[in-house]
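J.: Sharing a structure with you now.
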Amino acid sequence: MGLAQEFKAFAMKGNVIDLAVGVVIGGAFGKIVNSLVEDIINPLVGILTSGVDLASQFVVLRNPKGATFSTMADAKKAGAVVLGYGSLINNIVQFLIVAFAIFIVIKWVNRFTRLEGDNLPKSA
C-alpha cells in the first residue's frame, strides 16, 4: 500500500472525521462563549462595579518614562511592563463557561448511553 493510500485510509477513519467535526464545532462554540462574556457578562459586571470595564483593568509594574496611561495598549506602546489582570479574569470566566457546558453535554450523553439496550424504559 502506497503512502497516499495509507494516508487516505487514516484520514477516512471515523475518529479523525469526528475529531475534525469537534474542532470546527469547538471553534464556533468558543466564539459564542467569547461573545457571552464580552457582550453580556462584562457589561453586567460593569454595572455592578459602577462602570468599570473588567477587560481593560491593568497594573503598571514598571514605567520607565513615569507617565500615566489610560489603556493597557498605550502602556505597552510606551514600553511599560503591565500586568493585565482584567484579561486573565475574562479568560477564566470563559474557561469556566466552556467547562460547565462540556460537563452538561457529557452528562447528557452519558444519560442517553445508559438508556441503550436492556436499560430502555418499558412501554406500558
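J.: Of the conditions (1) loosely packed, with under 12 Cβ neighbours inside 10 Å; (2) charged (D, E, K, R); (3) assigned to a helix (DSSP H, G or I), LYS76 fails just one. Which one is it?
T.: (1)
J.: If a residue has to be surrounded by 12 or more Cβ atoms within 10 Å (Cβ to Cβ) and at pLDDT 80 or above to count, how many in the range 47-60 make the cut? Spell out the reasoning first.
T.: Within the range 47-60, the first condition is being surrounded by 12 or more Cβ atoms within 10 Å (Cβ to Cβ), and the residues that meet it are 52-60.
With the extra rule that they be at pLDDT 80 or above, the set shrinks to 56-60.
So the answer is 5.
J.: Take the conditions modelled with pLDDT under 85 and surrounded by 13 or more Cβ atoms within 10 Å (Cβ to Cβ) and apply them to VAL105. Does it pass? Can you show your working first?
T.: Working: modelled with pLDDT under 85: yes; surrounded by 13 or more Cβ atoms within 10 Å (Cβ to Cβ): no.
So VAL105 fails the test.
J.: For ALA101, state whether it is in contact with a strand residue (DSSP E or B) (Cβ under 6 Å, 6 or more places away or on another chain) and assigned to a helix (DSSP H, G or I). If you could, list the steps in order and put the result at the bottom.
T.: On the way: in contact with a strand residue (DSSP E or B) (Cβ under 6 Å, 6 or more places away or on another chain): no; assigned to a helix (DSSP H, G or I): yes.
Criteria not met by ALA101.
The values are calculated or read from the model by the stated rules, or taken from the named source; none is laboratory data. Keep in mind the model is a prediction, meaning the values are calculated, not measured. Cβ coordinates were reconstructed from backbone atoms using ideal geometry, including for glycine residues, and neighbour counts include every protein chain displayed.
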